[in-house]
Amino acid sequence: MIMRRLWLTHELAQLIAQHGLEDYPHEACGLIGGVNEQALSVSRIKNISDKPEHAFLMDGAEFTKTMFEFSKRGEVLIGIYHTHPHGDHLPSRTDVQEAQYPDTAYVVVGLKQRQPRLSAWQIRNGLAEPIDIIISETEPLPALPPMSRAQVRANIIALVFSFIFLIVLALSLLPPAPPIPTR
Ligand SMILES: [Zn+2]
């Protein structure tokens, strides 16, 4: 499935950011369970990398246990998150090379200056494509298909015409000029 966006509630986004701040200066990692693009749960997974300041490796037993819990609740794995304690919220070269789940959103949390910033990516065939993260309590409107170039041009032309029309209309609505007093 191609994920166009990832919808998180404030609480779930907060859980991810909080995990990152607690495990600082180590990278924190975990799984996001949900349905389609809607996240329903966040689970921390122990980082067992031997260089946890610069990398993450998920504990296999915890990973399996969490996947089992997802399926018990009718959820599937829709996202994998990890933090960059000193970096930004872009996937690193290693993140792209080692990504193994092409159908999930990779959430990268940058913690520069301890200010969590989240971004999401779909990583497949060695390419990372950005996914919109929507943080909202209510269901977002369905995503519109991206506008074609011709549609964009038509919209701009329509906008320009309506603006010209507005000016013309405004001019025609002006009160008539007062008569010039003559002596
Ligand atoms: Zn990374």
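The values are calculated or read from the model by the stated rules, or taken from the named source; none is laboratory data. Remember, predicted model here, so these are calculated numbers, not experimental data. Here the Cβ is made from the backbone with ideal geometry for all residues, glycine too, and neighbour counts use every protein chain on show.
The set of residues from the stretch 87-107 being more than 9 Å from the ligand (Cβ to nearest atom), surrounded by fewer than 19 Cβ atoms within 10 Å (Cβ to Cβ) and among the polar types (S, T, N, Q) comprises GLN97, GLN100.
Going by what's in this entry, would ALA17 be described as closer than 21 Å to ALA128 by Cα and within 16 Å of the ligand (Cβ to nearest atom)? Taking the combined requirement at face value, the residue does not satisfy it. Among the residues here, ILE80 qualifies as among the aliphatic types (A, V, I, L, M) and either crowded, with 19+ Cβ neighbours inside 10 Å or in contact with a His (Cβ under 9 Å, 6 or more places away or on another chain) (or both).
Only one residue in HIS19, HIS10 is crowded, with 21+ Cβ neighbours inside 10 Å and farther than 26 Å from LEU127 by Cβ. Which one? Being crowded, with 21+ Cβ neighbours inside 10 Å and farther than 26 Å from LEU127 by Cβ holds for just one of HIS19, HIS10, which is HIS19. Within the stretch 27-40, identify whether any single residue is within 14 Å of the ligand (Cβ to nearest atom), touching a His at 6+ places or on another chain (Cβ under 9 Å) and closer than 21 Å to GLY126 by Cα, and answer yes or no. Yes, that holds for at least one residue. Tell me, please, whether a residue that is under 24 Å from ALA17 (Cβ atoms), surrounded by 11 or more Cβ atoms within 10 Å (Cβ to Cβ) and modelled with pLDDT under 95 can be found in the stretch 140-147. Within the stretch 140-147, one or more residues are under 24 Å from ALA17 (Cβ atoms), surrounded by 11 or more Cβ atoms within 10 Å (Cβ to Cβ) and modelled with pLDDT under 95.
Considered as a group, the residues in the stretch 54-86 that are within 16 Å of the ligand (Cβ to nearest atom) and touching a strand residue (DSSP E or B) at 6+ places or on another chain (Cβ under 6 Å) include one that is farthest from ARG44 (Cα to Cα), and that residue is HIS84.
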